[in-house]
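This report refers to the structure that appears directly beneath it.
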Ligand SMILES: [Zn+2]
């Protein structure tokens, strides 16, 4: 199975890319890319495609061309394949330790140590790492890299050969509700699945981070904040990867909301979770479901959280609880997921 992911390139690289299209080093292709609607697709020079390596999670080099791109937005498996296919890939120290720390509860003392570790290793900068990752089945398909100009916004599109997931054996219809906490909940008849909770800095842990950041020079303050943001998004991706495997093992069909980001917050912690969920919903989940032969429908999201999935009456949602005057108090995420399942794949008239 092949997967493809389109990652934003920094605007500062756009003039250079336009110049390379004029020189013919980037050759336009007529074939559109799956998952990319519109845009002009370019294939880089063939020798440069072969001489291609990821420098770190924000930098890709092909031949003499070096690009700043959001490589950290790849799903976990593809990111590992990219690292395995790159020489001297640079990483911050304790990257995995810090990311895993956000997936487990920690004491205040451990939180403070976590913050110190984050700040110290970020100040040291990225170092070339010997990639001793366990050999994953699959590979990065370098020759398939394309660059896309979408109305002046440039993307790099990377392709991977991935192990085909086992085809789903029946299972049940699942509706998926997405949010920030938990990131996603799937519900079907007698089935509820949820992403692992993220344990982000709060209260005293967050104040410890703010204090340490305040002592740094402005450029480094920005670096630490951005790294924290990427660690959150990495932890979210890890939780979504496990969740995707669970869905593929259980589902016969899936429905999800059409994504609207208007309800999301704009602070940087929430933005990084939001991006992970958006990438998952728009690109990564559909590709994995397709490979597993599981049909997917997208439904309009309105009112899925405001009606009771059992009796259809309107009810009230207060944070994680939904209350129906006939059925009592229900988990609000599960209730929404059931409504999304029915809206996608049928049920009573009111739920369609
Ligand atoms: Zn009810």
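No lab work stands behind these numbers, since they all come straight from the coordinates. Everything quoted here is computed from the prediction, not taken from an experiment. Using ideal geometry, Cβ is built from the backbone for each residue, glycine included, and neighbour counts are taken over all protein chains shown.
Normalised by the number of residues in the chain, what is the relative contact order in percent for Cα pairs under 8 Å and 6+ residues apart?
Working: 616 pairs, mean separation 62.2, N = 352.
That works out to 18 percent.
Does region 137-179 come out rounded, prolate or oblate by the C-alpha gyration tensor, with a ≥ b ≥ c the root eigenvalues, rounded set by a/c under 1.5 and, if not, prolate when a/b is larger than b/c and oblate if not?
The shape class here is oblate.
Ordering 118, 296 from the fewest to the most neighbouring beta carbons within 10 Å gives 296, 118. Out of every Cα-Cα pair that region 110-257 contains, those further apart than 18 angstrom amount to 73 percent. Built from the Cα atoms of region 269-352, the convex hull projects on average onto 6.4 nm², one quarter of its surface area. Once C-alpha pairs closer than 8 Å and six or more residues apart are averaged by separation and normalised to the residue number of region 66-183, the relative contact order reads 26 percent.
Looking at the square roots a ≥ b ≥ c of the eigenvalues of the Cα gyration tensor of region 1-151, which shape do they give, rounded for a/c under 1.5, prolate if a/b is larger than b/c, or oblate? Prolate, because a/c is 1.5 or more and a/b exceeds b/c. Kirkwood hydrodynamic radius for region 161-238: how many Å is it when counted over pairs of different Cα atoms? By the Kirkwood definition, the hydrodynamic radius is 16.0 Å. Under a Gaussian network description of the chain, with springs only between Cα atoms under 10 Å, the residue in 160, 322, 37 that fluctuates furthest is 37. According to the square roots a ≥ b ≥ c of the eigenvalues of the Cα gyration tensor, what is the shape class of region 76-152, taking rounded for a/c under 1.5, prolate for a/b larger than b/c otherwise, and oblate for the remainder? Prolate shape, in that a/c is at least 1.5 and a/b is the bigger ratio. Using equal-weight Cα scatterers in the Debye expression, the normalised intensity of the chain in log10 at q = 0.08 Å⁻¹ is -0.45. Divide the volume of the convex hull around the Cα atoms of region 172-351 by the residue count and you get 117 Å³ per residue. From least to most packed, judged by other beta carbons within 10 angstrom and beginning with the fewest, 89, 228 follow the order 89, 228. Taking one quarter of the surface of the C-alpha convex hull of region 45-99 gives a mean projected area of 4.0 nm².
Taking the chain as a Gaussian network of alpha-carbon nodes connected by springs under 10 Å, the highest mean-square fluctuation of the residues 87, 23, 258 belongs to 23. Just checking the listed ones, 279, 149, 320: in the Gaussian network model of the chain with Cα springs under 10 Å, the one fluctuating most is 320.
For region 172-351, the relative contact order is 28 percent, taking Cα pairs closer than 8 Å that sit 6 or more residues apart in sequence and dividing their mean separation by the residue count. The DSSP beta bridges internal to region 172-351 are antiparallel in roughly 65% of cases. For the chain, adding -39500 (n - 2.57) for each run of n ≥ 4 DSSP H residues and dividing by the number of residues yields -11500 deg cm²/dmol at 222 nm. The alpha carbon centroids of region 174-243 and region 277-352 are separated by 23 Å.
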